[in-house]
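First comes the structure, then the notes that go with it.
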Amino acid sequence: MPYARPTLTQLRQQAVQDVINGGIPGVVSLMRFSVLYVLAIVLAGLAWLHYGYIDWVSLQAVPWTATDEYLAGWAALKGVQQKAPTAATSTGISFVATDSNTIPAGTQISFVGGFVATVTADSVTVNGTTVANALMTTTGSVGNLPAGTIATLTAPVPGVQTTGTVIAAFTGGADIEDEDAFRARMLAAYQNGGTNGNVSDYVQWAKAVPGVTRAWVAQNYIGDGSLGLFAMLDKANAQYGGLPQGTNGVSSADSRYTAATGDQLAIANAVWPDQSVTDLVVVCAPTAQPVDFAITDLGSGNSAANQAAIRTALQDMCTRLSSPAGMWIANAEGAPTGTIYPNQWEEAIAALGLSTFTVQSPTGPISGSVTGAMPTLGAITYAS
């Protein structure tokens with residue numbers, strides 16, 4: 001059983017009692033502001049700090065409770081590094097241009113919200129339109145701007161209209177990996193041992209890419225010797241439902257198949273140095289398959305607050321339990337799933353403490369209908 005650390009109050013009481021029981025002639029009690037009482041309280045405080053230090057040492061002494069630089073040290077023993085924040089990029093910001101005028105590399109472009117991106121190479125002008133590639137100057141998922149966002153040159157460029165449009169969404173921006181996710185990847189590395197290109201390895205390689213939170217593998221995806229590596233970026237691409245933004249394909253270094261773009265290309269290129277030399281790895285985005293819910297019999301609990309709580313609970317359930325159909329492995333622990341059952345959404349809603357509710361639909365298990373299709377939360381209707 002775990003060691004019961006004494007509280008500060010218990011240590012103070014023990015110190016005072018030890019003084020009284022210490023055999024000092026005539027001492028049967030201590031006045032609150034007496035010298036002996038003060039010394040006893042001070043020593044109890046010091047002892048409490050020592051207990052706290054030993055407590056902290058015990059946490060850092062093992063990988064499953066270590067924090068900060070000690071967590072990083074334990075992870076480094078298995079070659080696992082905390083994912084650094086990354087800046088979003090776009091391969092298409094369009095401006096109207098005259099003749100063959102272009103936007104030079106290094107030009108800055110601003111967006112609503114105070115975001116600024118830098119043009120990474122001279123733009124290409126065709127038929128009165130010049131298109132530039134750009135990199136956000138700040139890191140983080142907030143820089144993943146959707147297509148259609150208005151772009152503005154921070155300084156005039158001769159022959160180019162000042163205002164343009166993002167035609168290829170900014171993708172790849174990710175926040176620094178939080179410690180819980182970092183610890184989970186580290187523990188998975190300890191559990192899996194060495195790498196040999198098995199299914200679990202591909203999942204871990206994909207999840208080591210900044211922004212990637214979940215990954216799955218479909219064996220023989222487009223034929224013998226191939227595999228489909230499906231991934232989700234739940235936080236970085238929250239505005240897109242967590243789905244990767246780009247086109248499916250392989251690494252730019254693999255000439256055997258169509259190269260991916262966007263998030264899929266970033267994952268494919270990151271996995272390329274580690275993958276088995278004979279594997280054709282196609283990185284894919286799952287196909288969202290929205291599932292609508294109808295919640296009835298809420299009675300007086302049919303309030304805006306409870307509706308929001310129900311949506312949050314069902315969204316969390318989908319994030320934890322859903323996976324694309326046809327996957328050989330559904331998570332880093334190696335437990336194939338892919339189907340969500342009625343008892344699981346009943347439990348998710350029941351945990352909210354509602355007095356009454358009934359899930360009228362769906363009425364049976366939900367799963368992807370074809371390989372790569374993944375159940376996601378659709379519309380929710382509520383009724384008293």
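The values are calculated or read from the model by the stated rules, or taken from the named source; none is laboratory data. Please read all numbers here as calculations on a predicted model, not as lab measurements. Note that each Cβ is placed from the backbone with ideal geometry, even for glycine, and that neighbours are counted across all protein chains shown. With ligands, DNA and RNA removed, areas are computed over all heavy atoms of the protein, side chains included. Shrake-Rupley method; radii C 1.70, N 1.55, O 1.52, S 1.80 Å.
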Next item on the list: Kindly indicate whether residue 5 is in a loop (DSSP other than H, G, I, E, B), among the charged types (D, E, K, R) and surrounded by 10 or more Cβ atoms within 10 Å (Cβ to Cβ).
Entry: yes
Next item on the list: Please determine, by comparing only the residues of region 152-181 that are within 19 Å of the chain's Cα centre (by Cα) and surrounded by 19 or more Cβ atoms within 10 Å (Cβ to Cβ), which one is nearest to residue 96 (Cα to Cα).
Entry: 170
Notebook entry, point to check: Is there a residue in region 10-33 that is at pLDDT 90 or above and of a type in the set (Val, Ile, Thr)?
Noted result: no
Check: If you check every pair at least six apart or on different chains, which have Cβ atoms under 7 Å apart with a residue in region 336-361 that is within 16 Å of residue 319 (Cα to Cα) first and a residue that is small (Gly, Ala, Ser) and part of a strand (DSSP E or B) second?
Finding: 338/325; 338/367; 339/367
Margin query: Can you tell me how many residues within region 123-144 are under 14 Å from residue 91 (Cβ atoms) and open to solvent by 20 Å² or more (accessible area, probe 1.4 Å)?
Written below: 4
Margin query: Can you say whether residue 225 is under 15 Å from residue 170 (Cβ atoms) and in contact (Cβ under 8 Å) with a residue 24 or more places away in the chain, as far as the supplied structure shows?
Written below: no
Check: Considering only residues of region 179-209 that are in contact with a Lys or Arg (Cβ under 9 Å, 6 or more places away or on another chain) and not in a helix (DSSP H, G or I), which is farthest from residue 117 (Cα to Cα)?
Finding: 208
Item checked: Scan of region 257-308 for residues that are on the phi > 0 side of the Ramachandran plot, surrounded by fewer than 17 Cβ atoms within 10 Å (Cβ to Cβ) and assigned to a helix (DSSP H, G or I), ordered by number -> 299
Notebook entry, point to check: Within region 66-79, which residues are among the hydrophobic types (A, V, I, L, M, F, W, C) and either under 26 Å from residue 142 (Cβ atoms) or open to solvent by 40 Å² or more (accessible area, probe 1.4 Å) (or both)?
Noted result: 71, 72, 74, 76, 77
Check: Looking at region 172-189, is at least one residue closer than 30 Å to residue 135 by Cα, in the same structural domain as residue 271 (by the TED database) and among the aromatic types (Phe, Trp, Tyr)?
Finding: no
Item checked: Enumeration of residues in region 67-119 that are on the phi > 0 side of the Ramachandran plot and part of a loop (DSSP other than H, G, I, E, B) -> 79, 99, 106, 113, 114
Next item on the list: Output yes when any residue across region 34-45 is at pLDDT below 90, part of a loop (DSSP other than H, G, I, E, B) and surrounded by fewer than 17 Cβ atoms within 10 Å (Cβ to Cβ), and no when none is.
Entry: yes
